[in-house]
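See below for the structure under consideration.
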Amino acid sequence: MKEEYKPYIRWGVTVIAIFSACVIIFFFLLRMDFIVRFFGKATEAVQSIIYGLVIAFILRPVASFWQKKVECYLNKHFPTEDEKKEKKHHAIAKGISVAIAMMIALLVIATVIGMIGPRVVESIKNVVASSSGFLEKIEQWAYGLQEKHPDIFTAGGEAYEKAITYLEDWVNTDLLGWMNTFVTGFTTYVIGFFSSLMNWILGLIVAIYALAEREAFDGQAKKIVYALLPIENANVVIEIARKTNQIFSGFISGKLIDSLIIGILCFFGLSLLRMPYTLLISVIVGVTNVIPFFGPYVGAVPSAFLILLVNPIQCLYFILFILVLQQIDGNIIGPKILGDSTGLSAFWVIFSILLFGGLFGFVGMVIGVPTFAVIYYLVKKGVEYLLRKKKLPVETQEYNGLYQVDEERKVILYFKEEQKKEEKTVENKTEKKVEKERN
C-alpha cells in the first residue's frame with residue numbers, strides 16, 4: 001500500500017466505525033423495551049447462578065483459609081518430594097476446605113432458622129394481635145386523661161371530638177384499604193419467597209462447584225486477558241481486578257461481621273431495657289445495618305413503630321438507644337473492622353448510597369459503596385497517570401490554593417504568592433509615584 005493512501009484509509013475506517021456505533025446506539029434506543037425485557041428474563045433465568053456466585057464470593061476467604069491450614073498439615077505430617085503426591089495433597093486440601101466452608105454456611109443458616117425463626121414468627125403474631133387493640137388503648141388513654149384533667153378538654157372538646165371522628169374514619173377507610181393492599185402484596189411476597197428459596201438452594205449447589213473451581217477460573221480469566229491485550233495493558237487490567245476484589249471482599253465481609261456484632265449488642269441492650277419484640281427488632285437492626293450510614297436509621301423506623309404499639313415511653317427510650325448504638329458503631333466498631341477499605345470520604349459514601357439505592361433499591365444501597373469505591377479508584381489512577389505525563393505533582397494538597405501552573409517551568413503558582421506579587425507591584429508603583437512627585 002502506498003504511504004500517501006494510509007491517512008485516507010484510517011479516516012475511512014474511523015468514519016465507518018463511528019457510523020456503525022451510531023446505528024447500534026439508535027437500534028438499542030429504538031428497541032429499549034425489548035432489550036430490557038430480554039435482560040430481565042435472562043437475569044431471572046440465571047438467578048440461581050448469580051446467588052451461587054455471591055455465596056462463593058462470601059465464602060471464598062473461609063475456603064482459602066482452611067485450604068492453607070489443611071495443606072500445611074498434610075505436607076508436615078506426610079512430607080513428599082513427588083509432584084503427583086503434592087498435587088494430591090492440594091486437591092484433598094481444596095475438597096476439605098470447600099466442605100468446611102459449606103458446613104459453616106449451613107450451620108449459620110440452620111442456627112438462624114432454628115433459634116431465631118420461631119421467636120421472630122411469634123413476635124410477628126404478637127404484633128398483629130396487639131395492633132388490633134392499639135386504637136382502643138389510645139381511646140382509653142384519652143378518656144382517662146379527660147377524667148383526670150377535665151379543664152383541658154372543656155376548651156378543646158369540639159376539636160377532640162373531631163380528632164376522634166377523623167381517626168375512626170381513617171381506620172375504617174384508609175387503614176383498612178392499606179391493610180387489604182398489604183395482605184394482597186404479602187401473598188405475592190410469600191409466593192416469591194418460596195421461588196427465591198428454591199433459587200438459593202440451587203445457588204448453594206452452584207457455590208460448591210464455584211469454590212472447587214475458583215483457582216481454575218482465576219487462571220482462565222488471566223489467560224484470556226493476556227491473550228487479548230498487550231502485556232502492559234493486561235497488567236493494568238489484572239491490577240484493577242485485584243483491587244476490585246480487595247475492596248469488595250474487605251467491605252462485604254467486614255460489613256457482615258459488623259452487622260452481626262450490632263445485632264448482638266442490640267439484643268442485649270433491648271433485653272436490659274426490657275423492650276418488647278427484642279429478638280425481632282435485633283434482627284431488623286442487624287440486617288439493615290448492612291446498609292452503610294443510613295442502615296441503623298432504616299431499621300429503627302419500623303422497630304420504633306412496633307414498640308409504639310405497646311408502649312410510647314419505651315419507644316422514646318428505644319430511639320435514644322439506637323442513636324447511642326449508631327455512634328458506637330460509626331466511631332468505634334465500624335472503623336476497627338472495616339478500616340479504610342473503600343478509601344471514600346463521608347460525602348462520597350452518602351452520594352453512592354443515594355445514587356445506587358435510587359437506581360437498584362436495597363441491593364444498590366448495599367453494594368453502592370464498594371462499587372463507587374472502584375470507580376473512584378479508576379478515576380484517581382487515570383488522573384494521576386495524566387498528571388505524571390505532564391510532570392505535575394499527583395498529591396491533592398499540592399493543588400489547594402492553586403492560582404495557575406507555569407507551563408514552561410511546570411511549577412504551581414498559588415494565590416498567596418500572586419497576592420504578594422500584586423502587593424509588591426502596588427508598593428513599587430506607589431514608591432515611583434512618590435519619587436516623581438518629589439522631583
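The values are calculated or read from the model by the stated rules, or taken from the named source; none is laboratory data. Computed from a prediction, not measured in an experiment: that's the story for all the values here. Here the Cβ positions follow ideal geometry from the backbone for every residue, glycine too, while neighbour counts run over all protein chains shown. Just so you know, the surface numbers come from the protein's heavy atoms only, side chains and all, with ligands and any DNA or RNA stripped out. Shrake-Rupley method; radii C 1.70, N 1.55, O 1.52, S 1.80 Å.
Of the residues in region 198-236, how many are among the aliphatic types (A, V, I, L, M) and open to solvent by 60 Å² or more (accessible area, probe 1.4 Å)?
Of the residues in region 198-236, the ones among the aliphatic types (A, V, I, L, M) are 198, 201-202, 204-208, 210-212, 216, 221, 224-225, 227-229, 231, 234, 236.
The next check asks that each one be open to solvent by 60 Å² or more (accessible area, probe 1.4 Å); those that pass are 198, 201-202, 205, 208, 224, 227-229, 231, 236.
Qualifying residue count for the region: 11.
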Exercise. Just one of the numbered conditions (1) part of a helix (DSSP H, G or I); (2) under 30 Å from F356 (Cβ atoms); (3) open to solvent by 50 Å² or more (accessible area, probe 1.4 Å); (4) not polar (S, T, N, Q) is not true of I313; which one?
Worked result: (2)
Problem set entry | R242 being charged (D, E, K, R) and farther than 27 Å from Y377 by Cβ | no
Exercise. So which of V283, V324 is touching a residue at least 24 places away in the same chain (Cβ under 8 Å) and more than 30 Å from N233 (Cβ to Cβ)?
Worked result: V283
For this session: Can you tell me which residue among F78, F19, F27 is touching a His at 6+ places or on another chain (Cβ under 9 Å) and either surrounded by fewer than 10 Cβ atoms within 10 Å (Cβ to Cβ) or farther than 30 Å from L202 by Cβ (or both)?
Result: F78
Problem set entry | Pick from region 383-394, criterion loosely packed, with under 13 Cβ neighbours inside 10 Å and more than 15 Å from G343 (Cβ to Cβ), ranking: nearest to the chain's Cα centre (by Cα) | Y385
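Could you check how many residues of region 267-307 are β-branched (V, I, T) and open to solvent by less than 10 Å² (accessible area, probe 1.4 Å)? Outline the logic, then answer.
We begin by selecting, within region 267-307, every residue β-branched (V, I, T); these are 278, 281, 283-285, 287-288, 290-291, 298, 301, 307.
Then keep just the ones that are open to solvent by less than 10 Å² (accessible area, probe 1.4 Å); that gives 281, 285, 291, 307.
Of the residues in region 267-307, 4 are β-branched (V, I, T) and open to solvent by less than 10 Å² (accessible area, probe 1.4 Å).
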Seminar exercise, completed: Expected output for region 36-60 (first residue without any contact (Cβ under 8 Å) to a residue 24 or more places away in the chain, partner open to solvent by less than 80 Å² (accessible area, probe 1.4 Å) and hydrophobic (A, V, I, L, M, F, W, C), Cβ below 8 Å, 6+ apart or cross-chain) is T43/I50
For this session: Name every residue in region 335-372 that is open to solvent by 50 Å² or more (accessible area, probe 1.4 Å), within 13 Å of F251 (Cβ to Cβ) and modelled with pLDDT of 80 or more, in order of residue number.
Result: I367
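Filter region 75-89 down to the residues that are assigned to a helix (DSSP H, G or I) and farther than 21 Å from E215 by Cβ, then identify the one that is nearest to the chain's Cα centre (by Cα). Working first, answer last.
Looking only at region 75-89, we keep the residues that are assigned to a helix (DSSP H, G or I), and these are 75-77, 83-89.
Okay, now just the ones that are also farther than 21 Å from E215 by Cβ, so 76-77.
On the way: K76: 42, H77: 44 Å.
Ranking the candidates gives K76 first.
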Problem set entry | Residue check, L280 in contact with a Lys or Arg (Cβ under 8 Å, 6 or more places away or on another chain) and either closer than 26 Å to T43 by Cα or aliphatic (A, V, I, L, M) (or both) | yes
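If you check T14 against the conditions, is it among the β-branched types (V, I, T), without any contact (Cβ under 8 Å) to a residue 12 or more places away in the chain and under 30 Å from M102 (Cβ atoms)?
Details: among the β-branched types (V, I, T): yes; without any contact (Cβ under 8 Å) to a residue 12 or more places away in the chain: yes; under 30 Å from M102 (Cβ atoms): no.
So T14 fails the test.
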